[in-house]
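Below is one structure; the comments refer to it alone.
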Amino acid sequence: MSTDLWYYLGITPAGALAVLISTVTVYFVFGAVLRLWGQRLWSSPRSLDLAVVTVLGAIVGRATMGHVPTLAGGLVALGTLAGLELVFRGLRRLPLPPLPQLPGGQRGRAVVLAVDGRVRTDSLTHYGLTMPVLWSSMRQAGISHPSQVALAVLEPNGRISVLRAGQPIHPRALMGIKGAHVVQEQLREAGHLHTAPLHPDDAGPSGGSAPVASPTQETSKE
């Protein structure tokens with residue numbers, strides 16, 4: 001009986017190695033899929049999109065468990081995922097040079113949907129969004145008229161952020177947005193850009209400007 005029980009709960013060394021390799025492979029593949037299409041999937045979750053995400057999750061879970069899913073195999077997979085997360089979290093804290101941008105490297109960054117009350121319909125279409133979806137987010141931000149919108153942004157996690165007109169926008173608030181230098185000029189022309197000198201709280205440790213790149217500098221590096 002103990003042999004039968006071990007068959008359902010345990011795992012062999014070769015099986016554990018297979019689960020480890022499968023988990024690492026699926027981790028990188030699934031991460032790449034989310035990097036490429038995650039923003040579009042979460043921006044406007046339709047029934048088909050949710051079904052695709054559900055199927056992907058089922059495939060990932062089954063692929064990491066090996067030929068026969070067991071308790072030990074699940075623990076190996078969970079331990080591998082936790083280890084990968086710890087490793088990459090540690091790497092993100094290191095002062096490593098930025099990796100070169102690959103084709104399509106702009107994916108996964110914030111996207112402007114509206115500037116100064118003018119909606120970018122091409123961005124809505126590209127990310128599968130509609131005007132009702134955009135207006136739903138604007139209503140939640142207390143917007144009742146397009147002229148009240150200074151900037152609407154689709155964030156990398158699929159949420160829509162709305163900045164109201166009448167509240168000056170600091171250039172650093174545009175960091176991580178595609179085409180930030182162009183958006184900055186549009187906001188300046190519309191009078192929505194913060195142009196006052198830096199507050200002392202924004203100064204760096206030495207009293208100068210904080211060591212944070214402006215949107216123009218950030219875009220020029222790409």
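List of remarks:
A quick yes/no check of all residues on (1) surrounded by 15 or more Cβ atoms within 10 Å (Cβ to Cβ); (2) of a type in the set (S, T, N, Q); (3) closer than 25 Å to Thr195 by Cβ:
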{"position": "Arg139", "(1), (2), (3)": "no, no, no"}
{"position": "Ile143", "(1), (2), (3)": "yes, no, yes"}
{"position": "Leu154", "(1), (2), (3)": "yes, no, no"}
{"position": "Ile169", "(1), (2), (3)": "yes, no, yes"}
{"position": "Ile177", "(1), (2), (3)": "yes, no, yes"}
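- Taken over the range 105-135, the residue count meeting the criterion of being of a type in the set (Lys, Arg) and either at pLDDT 90 or above or in contact with a His (Cβ under 9 Å, 6 or more places away or on another chain) (or both) is 2.
The values are calculated or read from the model by the stated rules, or taken from the named source; none is laboratory data. Model, not experiment: these values are computed from the prediction. So basically every Cβ, Gly included, is an ideal-geometry build from the backbone, and we count neighbours across all protein chains shown.
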